[in-house]
Amino acid sequence: MTRRHKQNLARIVVAGVLLVAASFAPESWGLWRLPLFLLPYFVVGWDVLWEAVCNIARGEIFDENFLMCVATLGALALGEYAEAVGVMLFYQVGELFQSMAVNKSRRSIAQLMDIRPDSARVLRGGEEVTVEPDEVQVGETLVVRPGERIALDGVVVKGISSLDTAALTGESVPREVEEGQEVSSGCVNLTGLLHMEVTRPFEQSTVARILELVENAASKKAKAEHFITRFARWYTPTVVVGAAALAVVGGLATGQWGEWVRRALTFLVISCPCALVISIPMAFFGGIGGASRQGVLVKGGNYLELLAKTKTVVFDKTGTLTQGKFAVEGLYPVQTGEEKPLLQWAALAESHSNHPIALSLRQAWGGDLAQHTVTDVEEIPGRGVMAQVDGVPVLAGNALLMNEHGLTPASTVSAGTVVHVAAQGKYLGYALIADQVKEHAADTIAQLKAQGVRTVMLTGDTQAVGEEMAHRLGLDEVHAQLLPQDKVERLEQLLEQKPQDTVLAYVGDGVNDAPVLSRADVGIAMGGMGSDAAIEAADVVLMDDDPAKLLTAMGIARKCRRIVVENIVFALGVKGLFLVMGAFGVATMWEAVFADVGVAVIAILNASRMLRKK
């Protein structure tokens, strides 16, 4: 409980004691009882009265403070002293609980985003110097001790350690890092001492980008938030006019002016829309914060609302559904059991190349290059490579290279890159190399389809590779051999085909995906390995590049929409019932305060469910 909350609680207790004391005054005292009740009234309600006066001076008349002042001052004028003080007291109790709930939610969000480092330790002149993160220059060496938060993005140049990446990705399992690996700011170093070369200034770092995205998200309101704002702007003046009409018409019809004025005042208190005005934005705010804790950055409540209505998801292939890393998927020797020699000849022939295909062959082989002699290496563009390996002539390349040397390569049907291998003029077989599917990609597609979501893949790869990948993952549709402009054109067609009142989301990671991400209803970028252009163009960022986080984002969005609908139906339903009861004199001022403050507290507590971890 904050200091302000404690002060308000003390005011409520003092006012409650004074109200009980004033209630013992005999009815025969008449107007002399009024000062006894005014004392607790002003103790507990002076801030409401002052706020109403200030708002009227600014031209903002019709708010909850105005309604409470009119209702309670009217009750005092009618001689209902205890009821007027009691209503103000009950209102302040509700406001206290409401403020505490909102404060708890904001504190939870602040804790989620408490990833900005206070300082950074860098090596300057051979000594460690502690400076502000934004003072560190690109290329400087950052020193990160165990238990410290990494201040800037960089590459490990010395040391081995485990990192806690939960603040960025929501992943609780530590990540192992060593020399040469990239590390994002915001992670916590758990075990070893790390020396890192800074690759980005602080204002462009991962942690700065996250903070900026979350801070700016509140400015992008969802349609439901805009609706509630417009609703409150017209609703409150309307019910004030309705209350006045109720008092005048009822008084003229029956002559019982006191009774109908009391009903009108009750009607005013019930009508306050604070339950909706506070709880709806809070639900979206909580949704954005809860998503960030799971490693999903949503740039605004409007995108959270759109995600909940997504029925078509379009994926890029490389770096999105696949790792963007080649690996040997299969070895097909002419003679059974000769897989190891086949792989060794291919890896050694490619030993002087830095091409991803060559790297994947060497990684799969895992042998010691120093124990072999590779000479006369000749790379043939569009064909492959020729080399002398331990004095033996070796060919490694495509079918054209084999044909040019009078060899007949085996026919292949699998999608991927095929490296045919020959040694000493004899064809040995081929290795199949393909991009690796991400761990959760197939399961993500399956769950999306189970939810009735149409899944499509757009790729610049060949038709054979695209169809093979679509079959492996279970995608509904695939379009291959697309240039960036072709992807936009194809997306336009998919937008026209989507069901009415539904949303199309595009998931990508590369520079060439930026135009498509901007054109989609919701653009979703891979934030770990994704390009800056893609992250900038996207509306949602998956921080750890895991396609399964798309399911997390959509689940949070749907839960948020469900809570918003629950709050709207609950608040309007209860208020509508009590407004009718108030107009017919069934509801008293006490029930009116419950219909206002009680409903607001319940709606806010319901909205705070968005902050739960699961």
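The values are calculated or read from the model by the stated rules, or taken from the named source; none is laboratory data. The structure displayed is predicted, hence computed values, not measured ones. Glycine gets a Cβ as well: all are built from the backbone with ideal geometry, and neighbour counts include every protein chain shown.
The criterion of being farther than 30 Å from Phe24 by Cα and in contact with a Cys (Cβ under 7 Å, 6 or more places away or on another chain) does not hold for Glu60. Take region 306-328 and flag every residue that is in a strand (DSSP E or B), at pLDDT below 90 and among the charged types (D, E, K, R). Once the filter is applied, which keeps residues that are in a strand (DSSP E or B), at pLDDT below 90 and among the charged types (D, E, K, R), region 306-328 yields Asp316, Lys325.
If you filter region 245-265 down to residues that are among the hydrophobic types (A, V, I, L, M, F, W, C) and loosely packed, with under 14 Cβ neighbours inside 10 Å, you find that the one that is farthest from Ala75 (Cα to Cα) is Ala253.
Of the helices (runs of 4 or more DSSP H) lying entirely inside region 404-505, those containing at least 2 residues that are of a type in the set (Lys, Arg) span 484-497. Name every residue in region 302-345 that is at positive phi and crowded, with 17+ Cβ neighbours inside 10 Å, in order of residue number. Those that are at positive phi and crowded, with 17+ Cβ neighbours inside 10 Å: Gly319, Gly324.
So Glu496 passes all but one of these: (1) of a type in the set (Asp, Glu); (2) exposed (fewer than 14 other Cβ atoms within 10 Å of the Cβ); (3) modelled with pLDDT under 90. Which condition number does it fail? Only one criterion in (1) of a type in the set (Asp, Glu); (2) exposed (fewer than 14 other Cβ atoms within 10 Å of the Cβ); (3) modelled with pLDDT under 90 is unmet by Glu496, namely (3). Within region 601-614, the set of residues being modelled with pLDDT under 75 and either aliphatic (A, V, I, L, M) or crowded, with 19+ Cβ neighbours inside 10 Å (or both) comprises Leu611 only. Residues in region 536-567 that are within 19 Å of Lys317 (Cβ to Cβ), surrounded by fewer than 23 Cβ atoms within 10 Å (Cβ to Cβ) and at pLDDT below 85: Ala537, Asp544, Asp545. Condition check for Leu297 on (1) in a helix (DSSP H, G or I); (2) in contact with a Leu (Cβ under 8 Å, 6 or more places away or on another chain): one failure, at (1). Cβ-Cβ contacts under 9 Å between residues 6 or more apart (or on different chains), taken from a first residue in region 1-21 that is on the phi < 0 side of the Ramachandran plot and touching a residue at least 40 places away in the same chain (Cβ under 8 Å) to a second residue that is among the acidic types (Asp, Glu) and part of a helix (DSSP H, G or I), are listed as Asn8/Asp47; Asn8/Glu95; Arg11/Asp47.
What single numbered condition from (1) among the hydrophobic types (A, V, I, L, M, F, W, C); (2) surrounded by 19 or more Cβ atoms within 10 Å (Cβ to Cβ); (3) at pLDDT 85 or above fails to hold for Phe570? Only one criterion in (1) among the hydrophobic types (A, V, I, L, M, F, W, C); (2) surrounded by 19 or more Cβ atoms within 10 Å (Cβ to Cβ); (3) at pLDDT 85 or above is unmet by Phe570, namely (2).
Conditions tested, residue by residue: (1) in contact (Cβ under 8 Å) with a residue 60 or more places away in the chain; (2) polar (S, T, N, Q).
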| position | (1), (2) |
| --- | --- |
| Ser411 | no, yes |
| Tyr427 | yes, no |
| Ile433 | yes, no |
| Asp443 | yes, no |
| Lys449 | no, no |
| Gly466 | yes, no |
| Leu473 | yes, no |
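Check Ala387, Ala346 and return the single one that is without any contact (Cβ under 8 Å) to a residue 40 or more places away in the chain and touching a strand residue (DSSP E or B) at 6+ places or on another chain (Cβ under 9 Å). Just one listed residue meets the conditions, Ala387. Anything in region 577-590 that is on the phi < 0 side of the Ramachandran plot, of a type outside the set (A, V, I, L, M, F, W, C) and modelled with pLDDT of 75 or more? List them, or say none. Selection gives Gly582 alone. Mind checking whether some residue in region 371-382 is in a strand (DSSP E or B), β-branched (Val, Ile, Thr), touching a Ser or Thr at 6+ places or on another chain (Cβ under 6 Å) and within 10 Å of Leu348 (Cα to Cα)? Yes, region 371-382 contains a residue that is in a strand (DSSP E or B), β-branched (Val, Ile, Thr), touching a Ser or Thr at 6+ places or on another chain (Cβ under 6 Å) and within 10 Å of Leu348 (Cα to Cα).
Are any of the residues in region 103-123 modelled with pLDDT under 80, over 32 Å from the mean Cα position of the chain (by Cα), more than 25 Å from Val183 (Cβ to Cβ) and hydroxyl-bearing (Ser, Thr, Tyr)? No, because not a single residue in region 103-123 is modelled with pLDDT under 80, over 32 Å from the mean Cα position of the chain (by Cα), more than 25 Å from Val183 (Cβ to Cβ) and hydroxyl-bearing (Ser, Thr, Tyr). Against the criterion of being buried (at least 18 other Cβ atoms within 10 Å of the Cβ), of a type in the set (A, V, I, L, M, F, W, C) and closer than 24 Å to Leu246 by Cα, Ala592 qualifies.
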